[in-house]
Amino acid sequence: MKQLFEVYGWPLASFFSACVVLWLTILIVLPQFFMVELSFRFEDRGDRLTKIVNDLDVLYRDKGTKEYDLANGPACNTLGMINPMMTGDSSCAQFSEEDKLRLEQQLSEIEDRIQSLLVEEQNLKEAKAQQFPYSTKNYTAMSGLHAWTLAKTVGFSLIVTLIALAACYPVAYTLALQSGPVKSAILFTALFVPYAVNELMRIYAWLTVFDLHGLLNAFLAFVGYASFASDQVIIWYRFPGTVLVVLVYTYILFMVFPIYNTMATLDKNQVDAARDLGAKSWRIHWRVIIPHTKPGIAVGCIMTFMLAAGSFSVPYIITRGLQPKWYTQLIYDKFFESSNWNLGSAYSFILLLICILFILAVMAIFRVKLRQLAQ
Amino acid sequence: MRSETFDRGNLLLNSFIVMFVMFMFLPLILMVTAAFNSASPPSVTNWQEFTLDWFPRLFAEDRLIGCLQNSFRIAVFVVPASVLLGLSAAIMLTRLQGRATNVLYAFLISPMLTPGIVLGIATIVFWRNFGVGADLYTTIVAQTTFIASFPMLIIMARLQRQDRYQEEAALDLGASPFFLFRRVTLPFLLPAILTSAALAFLMSFENYNTTVFSIGGSCTLTTEIAAQARRAHTPVINALGVIFVTVTVIFSVIYTLHKQWKK
């Protein structure tokens, strides 16, 4: 800290510090804290208070209708109500005194009920304010179906990570250690283009494969296993495998580049030396290349898993509503469909915890430190 | 004998690479091709006739253009904010010592390792407490949270290569700290700052997962693409894809040539 102020002077140094503090508090820590705090507040949708609020709604509406009737007489025929020329029409009869009395009595009954409900609501609210506001119910309330969805999402993401690692290690190896400048430049561009094309476009592109008139069905029709004429085609969107394939496709290159970056810093002489000393190919990988590349592999695994588990775009576009929802879609629904933010925050925090656990596991397995990760 | 197995292994490796690259390009090629087919929903195999009609149709989509403008509006704020935050953090982290630095560092790169949707959610939950509803503003904040980490890493990498004696010399010769920063440090960091600004722009422009959770009722280009891809699925989006792919290919080639040339 002292050094910072000495070199940059107090105005600049305090400005930089202020920026960092702002970022750290308002953007990173406090939002997460508020999300977690909200997730521990259980919003009971079936309790007495919710029922009172609903009942009050109904009563107010009823009261309004009755008051309107009392002031305007019984409903005219609809034609008269639509046509402004006929507002004074005598076809709108007046209430008899009897009816009026009955309406007024009903109104006062409604008024009484409203008053008593308001008192009860007030009492309940006060009681609730006295209560300890936190509970873990949002975490224990997850239904079996949602738990299964979560397990499936995590399982799929692990599979995606493993496939990506298995496929990308040879690619990164070729790119970093096995090609001359020209081949390396061509391969790098060939990998960089799909990496840099908008994520959504890459996902969207798969619709041309899975669609009714897509590549797969056309191929099946060509070999005679499907027929467009008799509607014997496969609706590919129904299979969870489609999500897996597209997840792999969309996030696989987040594995290639971190591995490539660390592998490229390996001194090729080390590989040559190992070979000259008689090491077999797999031994060179195991004892020379992989140990050097560990931080890159760790970053690749972390990024791929995190992106796959937290992907909303892939299941949203690919399933087209024909598959059970993905965990991220459940979270989305909690926020924007059933609007239960408390439960949604809990679901979201669970996802965050899983990613943190995964990061810690990867760091333990590969024995890398956080500093090494982001280089 | 040994070289023979080596060659066979090499052949295997190379054919795997070719297949891998084909796998990466096949969907993109299909998408681009379908944009020139008059059939809708877009298809390559159900070929009707060659057409360029989907491009004028794309530019006539008012809603899409409006969403594109929103994407730029967001980026205009996200880019300077993330570069400023990243620069401040990079300078602080390089000058601080001790355990606290590691903790601070861990906190500042944590948004990179957090799922995007969690960042979006945390942002709207936080700002709701102050009566701020989800809109472009919350998206700007949510995106800045994690995009700022990338300028931080890029600028830090450059700062670590800086010759500290240069700064000390300037100070010894009587330069004010502000003058030093403006005339020595900032020009030295300029390439890193420009790179990170470009990266921040791309990340903001292309972001979907954080944006869709924090945008509320508004839209950006990406949320609109996703919504149309799920519901409408017309070749108009393929036409947009053609533009995206073309621009990306041009920039990738320039980038690679530039990299090779620098070597």
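Pop out the carbon and sulfur fraction of the accessible area of segment B:1-139 as a percent, whole number, probe 1.4 Å. Percent of accessible area from carbon and sulfur atoms in segment B:1-139: 66. Between helix A:30-39 and chain A there is an angle of about 60 degrees, using the helix long axis and the longest principal axis of the Cα atoms.
As an equivalent ellipsoid, segment A:269-375 spans semi-axes of 42, 16, 9 angstrom, where each value is the square root of five times an eigenvalue of the C-alpha gyration tensor, largest first. Evaluated at q = 0.08, 0.13, 0.21 Å⁻¹, a Debye calculation over the C-alpha positions of segment B:70-220 (equal weights, vacuum) places log10 I(q)/I(0) at -0.27, -0.64, -1.22. Measuring only protein heavy atoms, the 1.4 Å probe finds A:Glu111 accessible over about 60 Å². Straight-line reach from A:Lys137: which aspartates and glutamates have Cα under 17 Å away, leaving out those fewer than 8 places along the same chain? Excluding near neighbours in sequence, the set is A:Glu37, A:Glu43, A:Asp44, A:Asp47. Normalised by the number of residues in chain B, the mean separation of alpha-carbon contacts (under 8 Å, six or more apart) gives a relative contact order of 30 percent. If we count every other residue with Cβ under 15 angstrom of B:Gln143's Cβ, Lys/Arg +1 and Asp/Glu -1, where does the sum land? Neighbour charge sum, excluding B:Gln143 itself: -2. Across the protein assembly as shown, the volume of the C-alpha convex hull divided among the residues equals 255 Å³ per residue. Per residue, the convex hull spanned by the Cα atoms of segment B:3-106 amounts to 240 cubic angstrom. Length, then width, then depth: along the principal axes, the Cα atoms of chain B run 76, 73, 32 Å. Computed from the alpha carbon atoms alone, the convex hull of segment B:173-263 holds 147 Å³ per residue. What chain B shows is 48 Å² of accessible area per residue, with the surface traced by a 1.4 Å probe over protein heavy atoms. Sorting A:Leu165, B:Leu221 on solvent-accessible area from highest to lowest, probe radius 1.4 Å, gives A:Leu165, B:Leu221. Among the DSSP helices (H) of chain B, those spanning at least 24 angstrom by Cα along their long axis with an average Kyte-Doolittle hydropathy of 1.6 or more are B:186-206; this is a geometric and hydropathy rule only. For A:Lys183, the lysines whose Cα comes closer than 30 Å to its Cα, not counting residues fewer than 8 places off in the same chain, are A:Lys268, A:Lys280, A:Lys294, B:Lys259, B:Lys262, B:Lys263.
Spin-label model, A:Gln232 to B:Met22: label points 7 Å out along the Cα-to-beta-carbon direction sit 2.9 nm apart. With every protein chain in place and a 1.4 angstrom probe, the accessible-area ranking of A:Glu337, A:Glu121, largest first, reads A:Glu337, A:Glu121. A dipole drawn for the protein assembly as shown from +1 and -1 charges on Cβ atoms has a positive end, and of B:Trp47, B:Leu113, B:Val79 the residue lying farthest that way is B:Leu113.
For B:Tyr137, the accessible surface of its heavy atoms amounts to roughly 100 Å² (probe 1.4 Å, protein chains only, rounded to the nearest 10).
Roughly how many percent of the accessible protein surface of segment A:143-373 is carbon and sulfur, given a 1.4 Å probe and a whole-percent answer? Using a 1.4 Å probe with all protein chains present, segment A:143-373 comes out at 67 percent carbon and sulfur. Each 20 Å bin from 0 upward holds the following percent of the Cα-Cα pairs of chain A: 18, 35, 28, 14, 4, 0.
The values are calculated or read from the model by the stated rules, or taken from the named source; none is laboratory data. The structure presented is a predicted model; accordingly, all values stated were derived computationally and were not measured. Glycine also receives a Cβ, built like all others from the backbone with ideal geometry; neighbour counts cover every protein chain displayed. To get the accessible areas, we keep the full protein, side chains included, count just its heavy atoms, and leave off ligands, DNA and RNA. Shrake-Rupley method; radii C 1.70, N 1.55, O 1.52, S 1.80 Å.
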